[in-house]
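Visitor: Please find one structure pasted underneath; my questions will follow.
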């Protein structure tokens, strides 16, 4: 059984004029345990929506999202949140760090909703990420690259089986982007976590075992493109 399996996932939004705009229709997608996959696609193609559906942050209109055999779509919001805290790590595109807390506190707070706060382990993760001398720094006192490392430590803090990363190199220069991807893939491999990264940057793809183009699995995006006279 795959660690992650998507079956006939659909999501649409209602536009201001009342029309319904399909965003996602993924007939099938699977990710094996400890597998590392890059999902590419243009801006607006539904990448973030797909990650949010996988993480249980939003509920699709129909279909199934199975993580370790459990269908998140059928769970209540509270149960989805609890499952995500224990089993899924998420590196957000904008990091979502709490500005009033230190680097260490941001990671520890991320552990509260999982197995529980473990300051020594949080500090160990940050040390491993080269942030040992920045534990007491707040996000505003850190560079973009350093903030990203804190976000990565928070995503890994609960020892998740699945890590999702949304455009993790979008705010970095090419050299930093390459370093960040190398760090992300190596840490997930060390901890036995599967990794799904969405990106539009082809320069980072060599680091991944498998690359999937979202336009090949998202029938909603392909249908919209065809309707506009653009053929993927």
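The values are calculated or read from the model by the stated rules, or taken from the named source; none is laboratory data. A quick note: this is a predicted structure, and the numbers were derived from the prediction, not measured. Methodologically, a virtual Cβ is constructed for each residue, glycine included, from the backbone with ideal geometry; neighbour enumeration extends over all protein chains shown.
Visitor: Specify which of the listed residues (62, 43) is touching a residue at least 40 places away in the same chain (Cβ under 8 Å), in contact with a strand residue (DSSP E or B) (Cβ under 9 Å, 6 or more places away or on another chain), surrounded by fewer than 16 Cβ atoms within 10 Å (Cβ to Cβ) and on the phi < 0 side of the Ramachandran plot. Outline the logic, then answer.
Guide: Values: 43 fails: in contact with a strand residue (DSSP E or B) (Cβ under 9 Å, 6 or more places away or on another chain).
After ruling out the rest, the residue left standing is 62.
Visitor: For residue 205, state whether it is closer than 15 Å to residue 93 by Cβ, in contact with a strand residue (DSSP E or B) (Cβ under 8 Å, 6 or more places away or on another chain), part of a helix (DSSP H, G or I) and in contact (Cβ under 8 Å) with a residue 60 or more places away in the chain. Break it down into steps so the answer makes sense when it comes.
Guide: Working: closer than 15 Å to residue 93 by Cβ: no; in contact with a strand residue (DSSP E or B) (Cβ under 8 Å, 6 or more places away or on another chain): yes; part of a helix (DSSP H, G or I): yes; in contact (Cβ under 8 Å) with a residue 60 or more places away in the chain: yes.
Answer is no for this residue.
Visitor: Which of the residues that make up the stretch 2-16 are surrounded by fewer than 17 Cβ atoms within 10 Å (Cβ to Cβ), farther than 13 Å from residue 220 by Cα and touching a strand residue (DSSP E or B) at 6+ places or on another chain (Cβ under 8 Å)?
Guide: The answer is 2, 7, 14, 15.
Visitor: Do the conditions hold for residue 33, that is, is it touching a residue at least 40 places away in the same chain (Cβ under 8 Å), more than 20 Å from residue 115 (Cα to Cα) and part of a loop (DSSP other than H, G, I, E, B)?
Guide: In short, yes.
Visitor: Of all residues in the stretch 208-223, which are surrounded by fewer than 19 Cβ atoms within 10 Å (Cβ to Cβ) and in a helix (DSSP H, G or I)?
Guide: Across the stretch 208-223, the qualifying residues are 215, 216, 219, 222, 223.
Visitor: Something else: Contact list please: Cβ distance under 7 Å, first residue in the stretch 125-141 and in contact (Cβ under 8 Å) with a residue 40 or more places away in the chain, second residue crowded, with 17+ Cβ neighbours inside 10 Å and assigned to a loop (DSSP other than H, G, I, E, B), pairs at least six apart or on different chains.
Guide: 139/97
Visitor: Hey, among the residues in the stretch 205-215 that are in contact with a helix residue (DSSP H, G or I) (Cβ under 8 Å, 6 or more places away or on another chain) and closer than 14 Å to residue 41 by Cβ, which one's modelled with the highest pLDDT?
Guide: 211
Visitor: Something else now. Do the conditions hold for residue 195, that is, is it in contact (Cβ under 8 Å) with a residue 24 or more places away in the chain and over 23 Å from residue 83 (Cβ atoms)? Quick ask: steps written out before the conclusion?
Guide: On the way: in contact (Cβ under 8 Å) with a residue 24 or more places away in the chain: yes; over 23 Å from residue 83 (Cβ atoms): no.
Considered against the rule, which asks whether it is in contact (Cβ under 8 Å) with a residue 24 or more places away in the chain and over 23 Å from residue 83 (Cβ atoms), residue 195 comes out as no.
Visitor: Answer yes if at least one residue in the stretch 17-30 is crowded, with 17+ Cβ neighbours inside 10 Å and in a loop (DSSP other than H, G, I, E, B), and no otherwise.
Guide: no
Visitor: Taking the condition of being part of a helix (DSSP H, G or I), in contact with a helix residue (DSSP H, G or I) (Cβ under 9 Å, 6 or more places away or on another chain) and at pLDDT below 90, how many residues in the stretch 188-202 meet it?
Guide: 0
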